[in-house]
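The values are calculated or read from the model by the stated rules, or taken from the named source; none is laboratory data. Keep in mind that this is a model prediction, so the values were computed, not measured. All Cβ positions, even for glycine, are placed from backbone atoms using ideal geometry, and neighbour counts span all protein chains on display. Quick note on the areas: whole protein, heavy atoms, side chains included, nothing else; ligands and nucleic acids left out. Shrake-Rupley method; radii C 1.70, N 1.55, O 1.52, S 1.80 Å.
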2 protein chains.
Amino acid sequence: MTTATSTRELAHPAREEIRLESVLHALSDPMRMRVVRSLAAGDGELSCSCFVLPVTKSTSTHHFRVLRESGVIQQAYRGTAKMNGLRRADLDALFPGLLDSVLDAARRQAERLGDDA
Amino acid sequence: MTTATSTRELAHPAREEIRLESVLHALSDPMRMRVVRSLAAGDGELSCSCFVLPVTKSTSTHHFRVLRESGVIQQAYRGTAKMNGLRRADLDALFPGLLDSVLDAARRQAERLGDDA
């Protein structure tokens with residue numbers, strides 16, 4: 001029982017532990033960028049099941065973990081759902097303008113390549 | 001002789017072939033970021049020998065190749081020197097504001113962590 005409880009605690013870096021190189025690495029994957037764009041477009045948290053990624057469940061879990069461990073998203077269990085939220089306040093405080101310029105770049109590229117269906 | 005000549009031609013992506021995910025990946029390594037910051041601080045091209053990176057020669061060559069193949073830098077031989085330049089015009093045209101916000105984020109982090117000696 002103790003084990004079951006402790007596995008439900010998800011590790012997050014504190015704001016001051018977030019590193020630019022890890023954030024850029026997290027954002028350098030198309031699937032992870034898709035998740036971040038969805039979270040940025042919404043106005044709150046989304047459960048993992050909201051994201052339909054063309055990858056296996058374990059790959060999807062891996063992507064969410066990379067995003068969480070880099071400090072790009074926060075994850076928390078709410079009942080049986082794992083909820084995800086963008087750490088915009090932390091990222092904006094550390095790297096003003098970075099997240100918005102990356103999101104803008106992703107939007108421009110998607111429009112240019114016709115990836116936004 | 002033909003071979004020697006052809007190995008001196010370095011492959012670069014055209015502007016429209018540059019992809020955001022490759023650029024972010026290229027920038028997600030501290031050594032590569034150091035190179036990009038040096039190029040951004042200067043006003044032209046720098047030879048590879050100008051960069052004193054705490055890595056082996058082959059690792060250094062790898063980093064420059066990743067930067068070139070992602071479209072972040074251009075490389076060209078001038079006599080016996082391999083010269084490097086930031087592809088700012090291409091990056092700014094594709095992703096306005098991205099390079100500057102990444103450079104600003106890197107500067108802030110270096111200041112915060114005391115990495116700028």
Self-check item: Top-ranked residue of region B:16-30 - restricted to ones that are in contact (Cβ under 8 Å) with a residue 24 or more places away in the chain and either more than 10 Å from chain A (Cβ to nearest Cβ) or of a type in the set (Ser, Thr, Tyr) (or both), ranked as surrounded by the fewest Cβ atoms within 10 Å (Cβ to Cβ)
Solution: B:17
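What residue, of A:105, A:81, is free of Cβ contacts under 8 Å to residues at least 40 places away in the same chain and within 22 Å of residue B:23 (Cβ to Cβ)? Before you say what the answer is, go through the steps one by one.
Numbers: A:81 fails: within 22 Å of residue B:23 (Cβ to Cβ).
Going through A:105, A:81 in turn, the sole match is A:105.
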Practice problem: Could you check residue A:44 against (1) modelled with pLDDT of 85 or more; (2) touching a strand residue (DSSP E or B) at 6+ places or on another chain (Cβ under 8 Å) and say which number it fails? | Solution: (1)
Quiz item: When the residues of region B:102-116 are filtered to those that are among the aliphatic types (A, V, I, L, M) and at the interface with chain A (Cβ under 7 Å from one of its Cβ atoms), which remaining residue is surrounded by the most Cβ atoms within 10 Å (Cβ to Cβ)?
Solution: B:102
Exercise. Residues being over 9 Å from the mean Cα position of the chain (by Cα), closer than 27 Å to residue A:100 by Cβ and more than 14 Å from every other protein chain (Cβ to nearest Cβ): count how many of those fall in region B:70-101.
Key: 2
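Output yes when any residue across region B:69-89 is within 17 Å of residue B:9 (Cα to Cα), open to solvent by less than 40 Å² (accessible area, probe 1.4 Å), outside any strand (DSSP E or B) and small (Gly, Ala, Ser), and no when none is. Reasoning before the result, please.
Here is the first cut: in region B:69-89, the residues within 17 Å of residue B:9 (Cα to Cα) are B:69-71, B:73-85.
Going one step further and asking which of them are open to solvent by less than 40 Å² (accessible area, probe 1.4 Å), we end up with B:70-71, B:73, B:75-76, B:81, B:83-85.
Remaining after also requiring outside any strand (DSSP E or B): B:70-71.
Then keep just the ones that are small (Gly, Ala, Ser); that gives B:70-71.
Within region B:69-89, one or more residues are within 17 Å of residue B:9 (Cα to Cα), open to solvent by less than 40 Å² (accessible area, probe 1.4 Å), outside any strand (DSSP E or B) and small (Gly, Ala, Ser).
Are any residues in region B:90-117 assigned to a loop (DSSP other than H, G, I, E, B) and at pLDDT below 95, and if so, which ones? Let's see the steps before the verdict.
Taking region B:90-117 as the starting set, the residues that turn out to be assigned to a loop (DSSP other than H, G, I, E, B) are B:95-97, B:114-117.
Residues satisfying the conditions are B:114, B:115, B:116, B:117.
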Exercise. Within region B:34-68, work out how many residues are within 20 Å of residue B:21 (Cβ to Cβ) and crowded, with 16+ Cβ neighbours inside 10 Å.
Key: 7
